[in-house]
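For reference, the structure is listed below as structure tokens.
The values are calculated or read from the model by the stated rules, or taken from the named source; none is laboratory data. On a predicted model such as this, the values are computed, not experimentally measured, just so you know. Ideal geometry is used to build each Cβ from the backbone, glycine not excepted, and the neighbour counts take in all protein chains shown. With ligands, DNA and RNA removed, areas are computed over all heavy atoms of the protein, side chains included. Shrake-Rupley method; radii C 1.70, N 1.55, O 1.52, S 1.80 Å.
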Amino acid sequence: MTSIPDFTAETAKAALTDILAALNTPQNIQKLAEVKENSGNEMLKMMQFVFPIVTQIQMDVIKNYGFLEGREGTVQFAQLIRTLEREDPEIAQLHSQVRSYFLPSITSPSVEASL
């Protein structure tokens, strides 16, 4: 695995911001909305249909930051982000926003019980 020596917290924020911008293009919003609607709130379907689209969009962005295309680059990016988000709450927040595209919202049982 090649290293990305200049991948700093600032670069991570820029990459995550670019990923969010790419996810929010009209074309991708429509594509993700259709797939999410077909998946319902089922985790398995979300991971089967939504996750690959989000991952492809992410791969298209991170190659601009020196990551290899494909699985290796995606895994390396995720590892670096996980390391950096422990030290930087802004990175953690941005990463959480990206994850929200493919993780269904989970309601707490206690909240449902109180309704």
Item checked: Selection from I53, V98, L84, by position along the positive dipole direction of the chain (Cβ) -> I53
Next item on the list: Output the relative contact order of the chain, whole-number percent, from Cα pairs under 8 angstrom with separation of 6+ residues.
Entry: 33 percent
Checklist line | Backbone N under 19 Å from the A9 label point (7 Å along Cα→Cβ), restricted to segment 66-84 | finding: 78-84
Notebook entry, point to check: If we count GluC sites (Glu not before Pro) as exposed when they sit in a DSSP loop and have at most 13 other beta carbons within 10 Å, what is the longest stretch of the chain that avoids them all?
Noted result: 1-41
Notebook entry, point to check: Under unit Cβ charges (Lys, Arg +1; Asp, Glu -1), what dipole magnitude, rounded to 20 debye, does the chain have relative to its Cα centre?
Noted result: 240 debye
Notebook entry, point to check: Quick one: if you stick a label point 7 Å off each Cα along the C-beta vector at I29 and E72, how many nm between them?
Noted result: 3.7 nm
Notebook entry, point to check: Considering only protein heavy atoms, what per residue accessible area in square angstrom results for the chain with a 1.4 angstrom probe?
Noted result: 62 Å²
Item checked: Rg ratio (alpha-carbon, reference 2.2 N^0.38 Å) - the chain -> 1.16
Note to self: Could you work out [θ]222 nm for the chain from helices alone, using -39500 (n - 2.57) per DSSP H run of at least four and dividing by all its residues? Round to the nearest 500 deg cm²/dmol.
What the structure shows: -20000 deg cm²/dmol
Notebook entry, point to check: Once phi is turned into θ = phi - 60°, what whole-Hz ³J(HN,Hα) does the Karplus curve with 6.51, -1.76 and 1.60 give for every residue of segment 73-79, x standing for Gly and Pro?
Noted result: x, 5, 5, 4, 4, 4, 5
Notebook entry, point to check: Cβ under 13 Å from D88's Cβ, D88 left aside: what net charge do those residues give with Lys, Arg +1 and Asp, Glu -1?
Noted result: -1
